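Nothing in this text is a laboratory measurement; each read-out follows from the coordinates by a stated rule. Just so it is clear, the model here is predicted, and its values are computed rather than measured. Methodologically, a virtual Cβ is constructed for each residue, glycine included, from the backbone with ideal geometry; neighbour enumeration extends over all protein chains shown.
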Amino acid sequence: MEIEFTPDKKRTRGFKRIIFKNLQADEATVHHGDAEESWTVAVKDNAAKIESRGGKQGGYHWIGALSEKEDLVQSVATAIYFPNPGPAPRGMLSLQKSALDISPVHLPREHQHFRAGENWDFLVRLNGKPLENTPVLFETKNRTREVFKTDQDGLVSIPFPFDFPEEDQSANQNAEGHNHSQARRKKASFALTVEQYADDRKHITHFNYHYTTGAFYKKDLALGIGFALFGMIVAAPLLRKPKKGGKT
């Protein structure tokens with residue numbers, strides 16, 4: 001299950017278009033900020049146009065869609081960020097938004113991301129109660145696939161991997177030979193999936209979002225060399241042999 005974001009060609013701040021893949025739903029539900037209020041938007045041809053509240057309120061918005069059949073309930077969710085000022089997403093994240101639900105405990109601050117090398121906690125609930133010892137499938141677009149389990153409080157800690165492919169340096173140079181790769185941080189999508197049986201039906205829920213390369217992307221090698229040289233300079237006096245009769 002996947003949610004795909006389509007960039008707004010007009011580059012307005014008021015709406016984003018998202019596409020629901022492999023899910024048949026007539027509408028999507030939107031939650032915003034620290035309030036319990038929500039509203040619905042129509043899904044046509046598997047796509048929905050998501051607008052910020054009143055076209056002005058920014059911050060995180062939670063978008064979820066649901067498909068129900070006689071013996072199967074599927075839900076998928078994500079969060080999108082609008083740049084205008086808006087409330088913190090604490091209330092939005094704490095809400096039970098579907099029967100089987102997986103939500104991040106926290107979302108990255110503005111201009112920050114889920115990043116490789118970091119661990120982030122997610123909460124899994126069924127009918128409002130935390131699910132203990134429950135498998136959570138973690139998949140990334142870069143082909144990482146691992147299963148983790150929730151603890152006694154329904155929390156699972158996801159370690160975001162360094163699974164980005166090596167760059168083709170020649171592709172990052174223009175005709176004049178200038179390199180433009182250093183300022184660009186790579187981004188890839190990920191999905192968390194949980195399955196449970198309840199009320200004689202199978203429930204499957206997904207959370208989709210993206211993560212980026214680490215905080216020191218393109219700087220790791222330079223920092224490593226710098227610290228190594230610094231260590232050698234500091235240690236040099238300690239390695240000198242003391243003169244006879246002198247102090248060490």
The orientation-averaged projected area of the Cα convex hull of segment 29-134, in nm², is 8.3 nm²
Sort 73-79, 199-205 for me by packing, meaning the mean count of neighbouring Cβ atoms within 10 Å per residue, highest on top. 73-79, 199-205
Rg/Rh for segment 20-87 to two decimals, with Rh computed the Kirkwood way over all alpha-carbon pairs. 1.01
Going by the alpha-carbon gyration tensor, a ≥ b ≥ c the square roots of its eigenvalues, is segment 85-133 rounded (a/c under 1.5) or, if a/c is not under 1.5, prolate (a/b greater than b/c) versus oblate? oblate
